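Okay, so here's the structure we're looking at.
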Amino acid sequence: MKMCAQDIEFTLIRSDRKTADIVIERSGDVIVRAPTGIADERVLEAVADRALWVHRSLAEWEDLNSSRKLRPLVQGQGFVYLGRSYRLKFVADAHVPLRLKNGRWELSEAFVAREGEPAARKAFRDFYIAKGLEIFKERVQRLAPLVGVVPGDVSVKELGYHWASCGAGGALNFHWKTLMAPHTVIDYIVVHELCHLRHRDHSDAFWNEVDKVLPRYRERKEWLRVNGASLDL
Ligand SMILES: [Zn+2]
């Protein structure tokens with residue numbers, strides 16, 4: 001349900017939970033989660049109480065997202081992989097549309113001429129998805145025993161404004177854009193999702209679980225909050 005308090009438009013999601021919380025989604029949407037029984041006026045009060053924080057967070061979100069634009073596909077342009085930027089080099093003859101070789105992205109000139117720029121960007125996405133599948137499968141296998149869970153299938157795909165999600169049967173999905181983040185941040189994303197197999201919410205119990213496996217998770221979480229918007233092509 002859409003509601004508004006103190007100039008803050010938000011979506012209210014009621015569920016079987018004990019406390020209310022407010023989050024700014026990566027899309028910039030304000031989401032309020034509240035217990036089923038709580039009256040609308042109480043929800044509005046709770047939002048009004050935190051209005052200052054919400055306005056500040058939204059302003060910060062604007063800042064972090066305003067610099068977002070597509071990187072032009074030109075020679076020398078940097079594209080990030082696992083936290084490092086590599087420059088783009090157009091190559092005349094190539095068997096694959098795109099590869100990372102000798103510290104350079106090699107993009108086939110013929111491929112771009114033939115298929116166009118959207119296809120070239122898709123080649124980047126395909127690269128991240130293919131590499132990401134190997135990396136995430138390995139990290140999930142390594143980290144799952146530390147969390148004490150048995151996850152299902154791992155996939156890497158487009159997840160819109162979510163870095164990761166978990167489905168029925170413990171299936172774990174990761175956004176291909178996370179492959180631009182450093183390894184340490186990827187591990188945080190994996191542990192976060194694995195801990196959701198124990199706790200579906202972001203309760204204290206959930207964060208305690210994350211903390212047990214990654215005691216320094218806060219700085220990685222913060223890195224993602226600040227740099228998340230820049231993880232794009
Ligand atoms: Zn989560």
Contacts under 7 angstrom Cβ, first residue in the stretch 183-205 being farther than 24 Å from Gly132 by Cβ, partner near the ligand (Cβ under 9 Å from one of its atoms) and part of a helix (DSSP H, G or I), 6 or more apart: His199/Phe206
When both residues are 6+ apart or on different chains and their Cβ atoms are under 8 Å apart, which pairs have a first residue that lies in the stretch 167-180 and is not assigned by TED's automatic domain parsing to the domain that holds Arg121, and a second that is surrounded by fewer than 24 Cβ atoms within 10 Å (Cβ to Cβ)? none
Tally, over the stretch 189-224, of residues that are away from the ligand (no atom under 13 Å from the Cβ) and of a type in the set (Lys, Arg): 4
Going residue by residue through the stretch 89-108, is there one that turns out to be over 22 Å from the mean Cα position of the chain (by Cα), at pLDDT 90 or above, outside the structural domain of Arg220 (by TED's automatic domain parsing) and crowded, with 17+ Cβ neighbours inside 10 Å? no
Take residues that are of a type in the set (Ser, Thr, Tyr) and in contact (Cβ under 8 Å) with a residue 24 or more places away in the chain and tell me which of the strands (runs of 3 or more DSSP E) falling wholly in the stretch 43-157 contain 1 or more. 78-81
Please enumerate the residues belonging to the stretch 27-53 that are open to solvent by 50 Å² or more (accessible area, probe 1.4 Å) and more than 28 Å from Ala164 (Cα to Cα). Gly37, Asp40, Glu41, Arg42, Leu44, Glu45, Asp49, Leu52
Unmet requirement for Ile24, which otherwise passes all of (1) loosely packed, with under 13 Cβ neighbours inside 10 Å; (2) within 21 Å of His162 (Cβ to Cβ): (1)
Please work out which residue is surrounded by the most Cβ atoms within 10 Å (Cβ to Cβ), limiting yourself to the stretch 170-227 and to residues that are in contact with a Pro (Cβ under 9 Å, 6 or more places away or on another chain), over 25 Å from Lys122 (Cβ atoms) and not aromatic (Phe, Trp, Tyr). Leu194
Only listed residue being within 16 Å of the ligand (Cβ to nearest atom) and at positive phi, chosen from Gly160, Gly103, Gly167, Gly116: Gly160
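The values are calculated or read from the model by the stated rules, or taken from the named source; none is laboratory data. Bear in mind the structure is a predicted one, so any value in this text is a computation, not a measurement. Quick reminder, even Gly has a Cβ in these numbers, built from the backbone with ideal geometry, and neighbours come from all protein chains shown. Heavy atoms of the whole protein, side chains included, go into the accessibility calculation; ligands, DNA and RNA do not. Shrake-Rupley method; radii C 1.70, N 1.55, O 1.52, S 1.80 Å.
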